[in-house]
1. Is at least one residue of the range 47-70 hydrophobic (A, V, I, L, M, F, W, C), surrounded by 10 or more Cβ atoms within 10 Å (Cβ to Cβ) and more than 28 Å from the chain's Cα centre (by Cα)?
2. Report whether or not ARG35 is out of contact with any Lys or Arg (no Cβ under 9 Å at 6 or more places or on another chain), closer than 28 Å to GLU15 by Cα and without any contact (Cβ under 8 Å) to a residue 40 or more places away in the chain.
Amino acid sequence: MAWSRDDERILAQIERHLIDDDPRLAARLEEFNERVRRKEEADRRRRMRRERRRLRRPRGSTVVIMVSWLLIATLIVTLLIMALRHDAAAALPL
């Protein structure tokens, strides 16, 4: 929700009075605000990096593992086909 013009004007007056009355407290509050801004920026960058990692292509090790599983499955299917053909050929009378 946005502040009204009157609210912003009143807050600006309070800020000016605080700076005039207690500059040390004002400096500490400004330092705190800067720390919060830096932390929020770091958190935002971390979230963006995490998002990019989630969207990027699979790693090389993942590709190698998937190709290995595909080759193993192909080998098993080939051996089964060869065994079934051999059994069928042995069952035929000569």
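Values in this text are rule-based calculations from the coordinates and carry no lab data. What you see is a predicted model; the values in this text were computed from it and never measured. Please note: Cβ atoms are built from the backbone with ideal geometry, for glycine as well, and neighbour counts cover all protein chains shown.
1. Scanning the range 47-70 turns up at least one residue that is hydrophobic (A, V, I, L, M, F, W, C), surrounded by 10 or more Cβ atoms within 10 Å (Cβ to Cβ) and more than 28 Å from the chain's Cα centre (by Cα).
2. So ARG35 fits the description; yes.
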